[in-house]
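*Asks:* Starting off with a structure, shown below.
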Amino acid sequence: MPAGGRSRVRPARLIDVVEASGLTGRGGAGFPSGRKMRSVAAGPGGKVVVANGAEGEPASLKDRLLLTRLPHLVLDGITLAAQAVGAREAYLCVHGTEYGLLDRLEAAVGQRLAAGLDPVPIEVVGLPARYVSSEQSSIVHYLNGGPGVPTFSPPRPHDRGVDGKPTLVHNVETLAHLALIARYGDGWFRSAGLPSAPGSMLVTVSGAVAWPGVYEIEMGTPVGQVVTLAGGPVEPLQALLVGGYFGGWLQVQTAWPVPMTHPGLKAVGGAMGAGIVVALPASCCPLAETARVVRYLAEETAGQCGPCMFGLPALADALGHLAYSGGRDGAIEQITVQIPVIEGRGACRHPDGATQLVRSMLRAFGEDARRHERRGACAGVVRPPVLPLPGDEERDWDFR
Amino acid sequence: MRVTLRVNPIACVGYGMCAELLPELVQLDQWGYPILTAKTVPRPLADHARRAAQACPTLALLIDEEKAGKHR
């Protein structure tokens, strides 16, 4: 990602250029950015732009890296998006527990204000550091003075968001790409990636690789090449988690040639998520890893919808039984029965993300699960966990 | 006229009136929250569905009535 330079596109034309570039949201949903901007711009009255830098995925570091290293690129994107959709206010949201980052971003906004660069005022906001608080309806709810928990939709933020105004919520990486597209054009953006999935994206690679970290790849780069970019495996691998905790487990040989695109990963039962790849060593217990993550997701429920509030803890219990105590009471059976009861019944996608992860576990490690049920826990459960979870000091315990 | 059902899962606290009044289309899960067995309400049940929606103490059962051939 180059930095520096200024926009060569008139605000009125920016939406056309973004649409022509084929840019899609880099926060996980992969929705066409230009179309989202057009629908916000077409709404009535004043508009609002929200930059989502509250990186809820514990295995993702790309938004933090971008905001730390290139804050002005993101701020450029916010300003350009605000001008393009006709917004007179903009918010940059990060986790409220990240004091250092909040200070730095406020300083950057101050510099721009002093230089007279931003016609639209940008307010830096600290959101509750909860998994569901970075969901777009949660952010809007919080900015409207409520708790940072999802709301029932419709109305969706692009129809009625902050103060009831049409609100454009974009991930900070999406806005950084938007700023670059404004400088270098849609043709330049399309020169990387695939015709069907143009441009580049940031990925966070961790687990048993030589150089864990954030990498910029072309869209459509095969998963295996991403692992190789991070120095390749340092231990024999048993699986890859692609897409983060709302993504899925994939067998190494299945995942290796799959292009990093939304349809590519979906076709093999994975998901792009926020561009996360975790390499799981063969000596780990994937069931224990999944149980631990699902327990975390259960703790992170907003507690608003019954199927999520009761379903996720029940699912985490069954997974814990399977992983650690050999699946007494038919844990696999319980898990299989619980998944469809939970799925699709929350106001947001939080419960569905968890069930998708568990589905992928049963697909990728079905044999493992049956062995656990027959013979009890495997040797892998004693290994320290590989999938990262936030420490207590990084977590908020309420939604205010 | 196409009549469809939705549940607002945030408003729903599991009183279970819907399953009592409209068992043809609503079942309860093990925690007492409604599972819609069908989203589209067959014509003969439309009045029952409206009654169930009105009876919900938290107004969590929602009825969408669409004129045929028209989208919202």
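All of the numbers you see were taken from the coordinates with simple rules; none came from a lab. Because the structure is a prediction, the values reported are computed rather than measured. Neighbour counts are summed over all protein chains in view; Cβ atoms, including those assigned to glycine, are modelled from backbone coordinates with ideal geometry.
*Asks:* Find out how many positive minus negative residues lie around A:Ala230, taking Lys and Arg as positive, Asp and Glu as negative, among other residues whose Cβ is under 15 Å from that of A:Ala230. Could the numbers behind the result be given before it?
*Replies:* Numbers: positive: A:Lys62; negative: A:Glu216, A:Glu235.
Taking every other residue near A:Ala230 into account, the sum is -1.
*Asks:* Okay, moving on. Just need the relative contact order of the range A:200-281 here, percent rounded to a whole number, with Cα pairs under 8 Å and 6+ apart.
*Replies:* Relative CO of the range A:200-281 lands at 37 percent.
*Asks:* Stretched out fully, how many nm does the piece from A:Ser196 to A:Glu106 gain, at 0.36 nm a residue minus the Cα gap? Don't skip to the answer; put the middle values down first.
*Replies:* Working: separation 90, 0.36 × 90 = 32.40 nm, distance 3.73 nm.
Going from the current span to full extension adds 28.7 nm.
*Asks:* What does the net charge come to around A:Val109 if you take all other residues with beta carbon closer than 9 Å to its beta carbon, with K and R at +1 and D and E at -1? Mind dumping the intermediate values first?
*Replies:* Details: positive: A:Arg112; negative: A:Glu106, A:Asp118, A:Glu123.
With Lys, Arg at +1 and Asp, Glu at -1, the neighbours total -2.
*Asks:* Below 15 angstrom from the Cβ of A:Phe310, what's the summed charge of the other residues (Lys, Arg +1; Asp, Glu -1)? Don't skip to the end; give the middle numbers.
*Replies:* Values: positive: A:Arg295, A:Arg345; negative: A:Glu299, A:Glu300, A:Asp317, A:Glu343, B:Asp29.
Around A:Phe310, the charge tally is -3.
*Asks:* While we're here: Springs between alpha-carbon pairs under 10 angstrom, Gaussian network model over chain A: which of A:Gly247, A:Gly164, A:Gly270 fluctuates most?
*Replies:* A:Gly164
*Asks:* Restricting to Cα pairs below 8 Å that are 6+ residues apart, what does the relative contact order work out to for the range A:11-190? Please round to a whole percent. Walk me through the numbers before you get to the answer.
*Replies:* Details: 338 pairs, mean separation 58.4, N = 180.
The value is 32 percent.
*Asks:* Can you give me the relative contact order of chain A as a percent, contacts being Cα pairs under 8 Å and 6 or more apart? Don't jump to the answer; show the numbers that get you there.
*Replies:* Working: 843 pairs, mean separation 68.7, N = 400.
Dividing the mean separation by the residue count of chain A yields 17 percent.
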